[in-house]
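Data block below; observations after.
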Amino acid sequence: MKPLARRTGIGLLVCALGGAGAFAQGWHHVGKVERVEAFREGLQNGVELSAGPAKVRITQVDNGVIRVRVAPNGRFPKDSSWALAETPLNYISGPVQIHDGKNEVKMTAGSVNVAITKSPLLIDFSDASGNVLLADEPSLPLAWDGSRVHVWKRMPADENYYGLGDKAGPMNRRNRAFTNWNTDEFGWQESSDPLYKTIPFFIGLRKGIAYGVFFDNTYRSCFDFGKESRDYFSFGAEGGELNYYFIAGPEPRKVVEQYTAMTGRSPLPPLWTLGYQQCRYSYYPESRAREIVKTLRGKKIPADVIYFDIDYQQGYAPFTINREYFPTFEKMIADFRAQGFHTILITDLHVKKDPNHGYAPYDSGIQNDVFVKNPDGSIYVGPVWPGDSVFPDFTLTRARTWWGGLYKDFVAMGAAGFWNDMNEPSVFFRADKTMPLDTIHRLDDGTTVDHRAAHNIFGMENARATYEGLRKLQAGERPFVLTRAAYSGAQRYAATWTGDNSSSWNHLKMSTPMLMSMGISGMPLVGDDIGGFAGSPTADLLTRWFEVGALNPIYRDHTAKGTADQEPWVHGAEHEAIRRKYIELRYRLMPYLYTATEEAARTGIPMMRPLFLEYPQAPEFYGDDRDFLFGHDLFVAPVTTEMVDAEDITLPPGEWYDFWTGAKHAHSEKLQLRPRLDEMPLYVRAGAIVPMQPVVQNTGETPDGPLQLHVYPGEDCRGSLYEDDGHTFAYQKGEILRINYFCAASSSAVTITSSLEKSAYKPWWNSTALTVYGAAAAPKEVRIDDHSIQNWHFDGQAHTVTLTVTDALRNWSVRLQY
């Protein structure tokens with residue numbers, strides 16, 4: 001969130017293993033297979049291999065998902081995971097066949113073949129055609145050294161690697177090494193590592209074929225994609241199990257779907273969280289916050305959210321209110337709600353150590369014995385914003401329940417969402433920026449782990465405690481939690497952002513690959529601080545950031561204390577008008593955005609997508625960090641430089657319409673653009689049907705007019721619309737509207753059809769206005785169902801035909817006859 005002072009961290013890169021000579025440098029590599037046994041436990045079935053004192057289990061846990069688990073001493077610990085969803089989605093397991101040969105064990109599990117060399121034990125994964133997807137490096141079998149564990153894999157020269165969450169720099173991780181250790185890294189830069197999150201999952205992609213690996217280990221871990229050697233990549237951790245999952249794919253989309261089926265998917269957020277969000281460190285006193293809200297409404301700049309950072313609290317103590325700054329805090333929240341604004345409050349996890357002063361979070365925490373302890377049993381105390389602070393022991397269910405209950409008063413006041421910051425956890429005045437590694441965390445079964453094991457899940461369990469508490473307190477309302485730190489699976493509880501970025505063109509450029517990496521790493525509800533947190537952006541930089549931010553999943557403008565104002569109206573009328581244009585674009589696209597968000601909640605496929613996710617057979621996009629897909633049908637080429645030279649744009653395969661002009665372009669065209677300040681290149685797939693709406697000032701306002709369908713004829717012509725009440729869990733009971741749209745085009749006609757799949761929710765609209773693009777001439781006849789109509793319009797300059805279907809909540813068809 002913000003620095004108390006400049007601090008440097010201690011980066012322990014456990015991937016520095018000594019190259020190919022590691023075989024003789026203290027590592028105990030697994031040896032020869034001496035025994036092979038079939039293994040079955042619960043839903044897992046496969047084979048258990050004995051090699052000296054070690055045992056290795058290779059099991060199928062789902063179709064296309066194989067687990068490898070190693071016990072160096074032959075004793076597997078209790079099987080548990082913080083990452084995996086309690087109920088894996090869509091579990092389907094086929095039969096496993098095992099053939100024990102002289103030199104090799106072959107295991108066939110559906111479309112995955114596992115070949116296990118016996119001496120030494122090496123594991124290769126291949127597809128049904130025999131193509132090797134992932135294979136152990138022969139010179140470096142999997143190994144351990146005391147508590148450390150590690151595995152090495154062969155690295156084809158043309159393989160690319162993506163994922164690991166919020167890592168800075170290019171999205172392709174090849175030729176670099178990374179450490180996973182959740183870190184408060186104010187002012188991070190392109191080479192900074194580690195950052196705020198630990199997501200030990202990556203996708204390998206080569207010649208259009210993808211696989212995934214999830215290393216479920218909460219300790220400090222590392223991934224080296226060729227920095228140590230051009231021949232192999234590796235991953236490991238300084239403690240815990242060597243426990244990883246191979247995900248077969250073979251499409252990148254399928255890998256993401258399978259990974260999120262394992263670790264869970266983001267619940268559908270409240271609709272209002274997809275609106276524009278206004279924030280800074282900090283809006284105070286109360287009069288300043290009211291001024292911000294009044295100005296947004298007065299200038300007709302759509303917005304749904306205002307945030308309050310730590311200055312609304314008394315002495316920075318969580319769950320308090322500074323009444324000097326905010327004398328009518330409750331009324332302010334109610335007044336904002338009446339104007340269509342939702343209030344989000346920061347609630348850092350550190351609790352001020354403040355005995356005997358009536359500070360309920362501290363007193364009740366002591367009474368319930370829920371704080372993290374030192375090895376000697378005393379409560380750990382560390383300095384953060386309130387001064388000396390204590391920390392909830394979020395590994396305990398009862399501590400999470402206690403924490404969730406602390407939100408009762410804020411929820412009663414009408415606060416709509418909560419922001420869990422500083423939850424790496426961040427501790428001031430320490431070189432490592434966090435609590436000592438020997439602090440003790442208790443588990444529900446009465447055992448304990450030290451901070452080495454709990455550190456990377458601490459922020460996720462903080463967000464979990466908040467989310468689960470709000471589920472109980474908010475009477476059926478969908479919670480919104482924003483977390484900075486995370487581990488795999490945190491998407492089940494919270495949205496996130498990229499932390500304390502900077503107000504520079506380079507950070508604008510880096511934001512897109514970071515957001516895409518988070519999306520394919522299982523966290524689709526992501527954003528960054530529009531304009532940058534540290535520093536003050538130039539006018540053009542802020543405007544360009546507002547443009548691309550309008551097509552990011554979370555759209556929040558945020559900046560640090562002591563920086564220049566960063567609201568949309570700063571820098572004068574010209575910049576204000578451009579920023580308003582793109583905020584309005586987001587609200588116009590809200591039906592499309594909400595439909596894509598529901599898809600992410602249902603399938604795990606993020607709304608903000610790298611090109612290779614949809615077009616894995618197009619290697620020209622494997623290194624594209626600038627462009628992205630917003631949903632399935634919008635191609636975005638943001639301007640991320642000061643634009644001295646023209647920008648080259650390569651469109652994805654197929655044909656694409658310019659969103660702004662309607663002009664049609666082919667993938668083969670070489671576009672060279674020099675966009676004006678108010679222009680961001682945006683294209684629509686030929687074959688898309690995009691639902692839109694008239695502009696509103698907030699998502700709670702009913703649009704004035706019909707639903708708008710923009711039809712772009714082409715191959716695979718389709719679209720969809722999803723709606724529900726936008727704020728409760730009634731959608732889980734089937735109270736939804738889902739419509740599928742299709743079109744077919746020939747030289748003589750264009751036909752658009754609406755197919756109502758589910759209509760248990762009544763939307764705000766009854767009629768649908770169609771705009772059909774690519775019309776070279778006026779049609780000879782326009783028909784709705786079986787009736788010819790006269791009330792339509794052809795625009796020869798825009799090459800569009802427009803008409804309205806009344807009573808559109810049904811199955812209907814429109815035919816343009818040429």
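Please list the three semi-axes, largest first and in whole Å, of the ellipsoid equivalent to region 113-169, using sqrt of 5 times the eigenvalues of its alpha carbon gyration tensor. Working shown, then result.
Working: eigenvalues 97, 80, 18 Å².
So the equivalent ellipsoid measures 22, 20, 10 Å along its semi-axes.
Indicate, rounded to the nearest 5 percent, the antiparallel portion of the DSSP beta bridges found entirely in the chain. Antiparallel bridges make up about 85 percent of those DSSP assigns within the chain.
Classify region 695-755 as rounded, prolate or oblate from the Cα gyration tensor: take a ≥ b ≥ c as the square roots of its eigenvalues, call it rounded if a/c is under 1.5, otherwise prolate when a/b beats b/c and oblate if not. Judged from the Cα gyration tensor, region 695-755 comes out oblate (a/c at least 1.5, b/c at or above a/b). Across the alpha-carbon atoms of region 390-544, the computed radius of gyration and Dmax are 17.3, 57 angstrom.
Pairs of Cα atoms under 8 Å, at least six residues apart: use those to get the relative contact order of the chain, whole percent. Intermediate values should be presented prior to the final figure.
Details: 2026 pairs, mean separation 82.5, N = 818.
Averaging sequence separation for qualifying contacts and normalising by length gives 10 percent for the chain.
Legend: distances between Cα atoms for Lys561/Lys581; Lys207/Lys254; Lys55/Lys197; Lys167/Lys509; Lys331/Lys581; Lys509/Lys561; pairs beyond 20 Å are Lys561/Lys581; Lys55/Lys197; Lys331/Lys581; Lys509/Lys561. Note on region 575-725: the alpha carbon radius of gyration divided by the globular reference 2.2 N^0.38 Å gives 1.07. For Thr108, the solvent-accessible surface with a 1.4 Å probe is about 50 Å², rounded to the nearest 10.
Over all directions, the projected convex hull of the C-alpha atoms in region 280-376 averages 7.8 nm² in area. Note that region 574-696 presents 32 Å² accessible area per residue, ligands and nucleic acids not counted, probe 1.4 Å. Restricting region 710-803 to trypsin sites (Lys or Arg not before Pro) that sit in a DSSP loop and have at most 12 other Cβ atoms within 10 Å of their own Cβ leaves Lys780.
Positive contributions from Lys and Arg (+1) and negative ones from Asp and Glu (-1), summed over other residues with Cβ under 11 Å from the Cβ of Tyr407, come out at +1.
Between amide H atoms placed 1.01 Å from N, distances below 5 Å from Asn766 occur with Leu707, all of them 5 or more places distant or on a separate chain. When all protein chains stay in place and ligands, DNA and RNA are ignored, the 1.4 Å accessible-area order of His99, His455, largest first, is His99, His455. Quick check: Cα centre of region 187-247 to Cα centre of region 120-147, how many Å? Here the answer is 16 Å between Cα centres.
Relative contact order for region 172-326: what is it in percent, counting Cα pairs under 8 Å that are at least 6 residues apart? Write out the running numbers ahead of the final one.
Details: 231 pairs, mean separation 25.5, N = 155.
The value is 16 percent.
Could you rank Phe794, Phe336 by how accessible they are, 1.4 Å probe, largest area first?
Numbers: Phe794 55, Phe336 0 Å².
Correct descending sequence by accessible area is Phe794, Phe336.
How would His799, His575 line up by accessible area, probe 1.4 Å, largest first?
On the way: His799 85, His575 20 Å².
Ranking His799, His575 by accessible area, largest first, yields His799, His575.
Accessible surface computed residue by residue for region 492-544, with neighbouring protein chains in place and a 1.4 Å probe, gives 15 Å² per residue. In terms of Cα atoms, the Rg and Dmax of region 325-423 work out to 15.4, 53 Å. With the whole protein complex present, Tyr162 retains an accessible surface near 0 Å², based on a 1.4 Å probe.
In percent, what relative contact order does region 114-188 have, based on Cα pairs under 8 Å that are 6 or more apart in sequence? Don't skip to the answer; put the middle values down first.
Working: 69 pairs, mean separation 11.5, N = 75.
Taking the mean separation of contacting Cα pairs over the length of region 114-188, I get 15 percent.
Of all aspartates and glutamates in the structure, those lying under 15 Å Cα to Cα from Lys102, and not within fewer than 8 positions of it along the same chain, are Glu34, Glu37.
Let me have the 222 nm mean residue ellipticity of the chain computed from DSSP H runs of 4+ only, each contributing -39500 (n - 2.57), with the sum over all residues rounded to the nearest 500.
On the way: 12 runs with 143 residues, N = 818.
So the helix-based figure for the chain works out to -5500 deg cm²/dmol.
At a probe radius of 1.4 angstrom, the accessible area of region 62-151 per residue rounds to 47 square angstrom. Remark: C-alpha extents of region 162-303 on the principal axes read 60, 31, 29 Å, sorted largest to smallest.
Note on the chain: with neighbouring protein chains present and a 1.4 Å probe, carbon and sulfur make up 50 percent of its accessible heavy-atom surface.
The values are calculated or read from the model by the stated rules, or taken from the named source; none is laboratory data. No experiment lies behind these values; they were computed from the predicted model shown. Cβ atoms come from the backbone with ideal geometry, glycine included; neighbour counts cover every protein chain shown. When the accessible area is computed, the model is the full protein with side chains, heavy atoms only, and any ligands, DNA or RNA have been set aside. Shrake-Rupley method; radii C 1.70, N 1.55, O 1.52, S 1.80 Å.
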